[in-house]
1. Between Thr102 and Lys123, what length in nm is gained on full extension when 0.36 nm per residue of separation is reduced by their alpha carbon distance?
2. Based on the mean of other beta carbon atoms within 10 Å per residue, what is the order of 73-81, 124-132, most packed first?
3. A 18 angstrom limit on the alpha carbon distance is what I want to check against. Which of Lys73/Lys146; Lys71/Lys117; Lys71/Lys122; Lys96/Lys130 exceed it?
4. For the stretch 142-179, state which trypsin sites (Lys or Arg not before Pro) are in a DSSP loop and have at most 11 other beta carbons lying within 10 Å of their beta carbon.
5. Could you tell me which of rounded, prolate or oblate describes the stretch 57-174, using a ≥ b ≥ c as the square roots of the eigenvalues of the alpha-carbon gyration tensor, with rounded for a/c under 1.5 and, failing that, prolate when a/b is larger than b/c and oblate otherwise?
6. Once you put a point 7 Å from the Cα of Arg157 and another 7 Å from the Cα of Glu93, both along the Cβ direction, what distance in nm separates them?
7. As an exercise, use a Förster radius of 22 Å and the Cβ-Cβ distance of Ala61 and Gln144 to find the FRET efficiency, rounded to the nearest 0.05.
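Read-outs: derived from the displayed coordinates by stated rules, not from any lab. These figures come from a predicted structure and were not determined experimentally. Backbone-built Cβ (ideal geometry, glycine too); neighbour counts: all protein chains shown.
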Amino acid sequence: MPLIDVEPMTADLPQISHPRQPPNREPMKVNRLFLTLAVALGASLAFTITAANKGDHKHLATPKGGRLLDKTKPHAEFVVEKDRTVTIHFYSEDLKPVAATTQRVTVQADAPSGRAKLDFEKKGDSLVSKAKLPEGNGYIVVVQFKQTADAKPMNLRFKLDLTTCGECKRAEYACICDH
Ligand SMILES: [Zn+2]
Ligand SMILES: [Zn+2]
């Protein structure tokens, strides 16, 4: 019987930070192994982040803490408000606020309670959802964005992770750390 039964290294990051400790199998040694792995992994990850961030336009820190919607011009920012409605703000290239014009947006939320569709209306300079995002966190949303009513729609799909990023302090769906 082997001294340590090391589990296959298919564990992802969260599991590494909370290693399961098999009972009666020298938990101290197992812990140390996991720690070494985590440190090595963290170091290589940090290196990748620095390399990937150079000149990357799409991780721009938008003014209202939301997510910059890729390839939108003027830049569109997707913001989840405290009441779970969604606001779309628009900005020039240098991130000065500009008014919404002909843009059309709908959001599809693949929530645990089922699929929901949010329609938007113009309010002031922005587009505001008429309904709230369904309960839950970490489900997939698809933003359908059209520059004009009859333009070709663009579908932007991402995970609606509302937890706060430890590094940039923005919500994870709007995180600019590229991890
Ligand atoms: Zn993050
Ligand atoms: Zn971040």
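1. Roughly 6.3 nm would be gained on extension.
2. 73-81, 124-132
3. Listed pairs above 18 Å: Lys71/Lys117; Lys71/Lys122; Lys96/Lys130.
4. Lys169
5. Working: a/c = 1.63, a/b = 1.13, b/c = 1.44.
Oblate, since a/c reaches 1.5 and b/c is not below a/b.
6. Between Arg157 and Glu93, the label points sit 3.2 nm apart.
7. Working: r = 24 Å, r/R0 = 1.11.
With a Förster radius of 22 Å, E is 0.35.
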